[in-house]
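J.: Shown below is the structure under consideration.
The values are calculated or read from the model by the stated rules, or taken from the named source; none is laboratory data. Everything quoted here is computed from the prediction, not taken from an experiment. Note that we place each Cβ from the backbone using ideal geometry, even for glycine, and neighbour counts take in every protein chain shown. For accessibility, only protein heavy atoms count, side chains too; no ligands or nucleic acids. Shrake-Rupley method; radii C 1.70, N 1.55, O 1.52, S 1.80 Å.
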Amino acid sequence: MRIKGEVLEFPSYRVVEGDYRIRLDKNESPYDLPDRVKEEIFEELRGLSFNRYPDIVSMPAREAIADFYDVSPENIAVGNGGDELIGYLVRLFEGKYVVVTPPTFGMYSFYAKLEGIPIVEVPLREDFTIDGDAIADKAKNARAVFIASPNNPTGNLQPEEEIIKVLDTGTAVVLDEAYAEFAGKSLWRLIEEYPNLIVLRTFSKAFSLAGVRAGYLLADGEIVDALYHIKSPFSVGIMTMAAVKVVLRHYDLVERRVAEIIEERERIRRVFREFTYPSDANFLLMRLNAYEFLLEKGIVVRKLSGRLDGHIRVTVGRKWENRELVEALREYLEVEGCG
Ligand SMILES: *Cc1c(COP(=O)(O)O)cnc(C)c1O
């Protein structure tokens, strides 16, 4: 046999595994669900038939999410993480290529490459905002345009008027709002006005369910329907759907934790203002080449490359983790002689 083509550079293969004290590298919530909420999930599971395949179109989860937004389940699709849905969205529309806006989330290009779909890059401007006109220029022949807002790894929300410029082209726009809860702003309501808008969300970040694997999108019913025609039938299991149903009943808890994370984010940023970009998400982009230094202290962050060479992306953790991070970075600056 011969394995086909170049081996894909899957982002996670580079992720550091092992026993580090403080993991601030994957933008997870630092807070696990409280036991009482887990108990509710277990209770929900008790009544389900484990021997049967889950609902083929994930109706229990879609109904719970639809209730939460007060929309129809026909406007919701659920995946095994938002990542699974990205894998379908690069394929769902006709066109020559997908448009991405680097530096941004790597999974859009990952799935496009996996499918042999060409990628056209329209880089973010100097201030990390998207260039709506430049994207619109490329959108005409595109299958879809992927825009993350807030963007990962830069942390900034994208200007609504630039997003509108792209939406007005009529090409499918995947607006990835994985961090919207931390920004306090979402454009999901525009799906009524723009049948070409797909808003992608996840339970992995603000909702503390990264280990469960649940993501969803809000879009026009026609897109949702088409997606279910190409979707892997049973990728969303009964346990995932039970967890989704229960956490949505505890949105007050999510809000409290989001508020704490935002407070901590701003506290860290104030300390390293000179080296830290503003963030609308649960992580900070820092112009500090401190990856190895932090790793030696048992703190894992994300090392960036390319245009962001010499930068790190740091997830906001629990108070004690952030304190240790701040302390370690202060030490780094002293050693480097810039502090
Ligand atoms: C984390 C993340 C997602 C979704 O992750 P899943 O765990 O697969 O739901 C999507 N987009 C961005 C930009 C992310 O950072």
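J.: Which of these, 87, 116, 310, has the largest mean-square fluctuation under a Gaussian network model of the chain (Cα springs below 10 Å)?
T.: 116
J.: Which far-off residues, 5 or more places away or on another chain, put their amide H under 5 Å from the one on residue 48, with H placed in the peptide plane?
T.: It is none; the list stays empty.
J.: How much accessible surface area, in Å² rounded to 10, belongs to the heavy atoms of residue 229 with a 1.4 Å probe?
T.: 140
J.: At a 1.4 Å probe radius, carbon and sulfur cover how many percent of the accessible area of segment 35-248?
T.: Details: 4260 of 8830 Å².
Here it works out to 48 percent.
J.: Per residue, how large is the accessible surface of the chain? Use a 1.4 angstrom probe and give square angstrom.
T.: Details: 16250 Å² over 339 residues.
Accessible area per residue, the chain: 48 Å².
J.: Please list 45-57, 235-247 highest first by mean number of surrounding beta-carbon atoms within 10 Å per residue. Present the calculation step by step, with values, prior to reporting the outcome.
T.: On the way: 45-57: 11.2, 235-247: 22.0.
Per-residue Cβ counts within 10 Å, averaged per peptide and sorted highest first, yield 235-247, 45-57.
J.: Give the separation of the Cα centroids, segment 23-64 to segment 270-315, in Å.
T.: That distance is 32 Å.
J.: Quick one: accessible surface of residue 111, probe radius 1.4 Å, all protein chains present, in square angstrom to the nearest 10.
T.: Accessible area of residue 111: about 40 Å².
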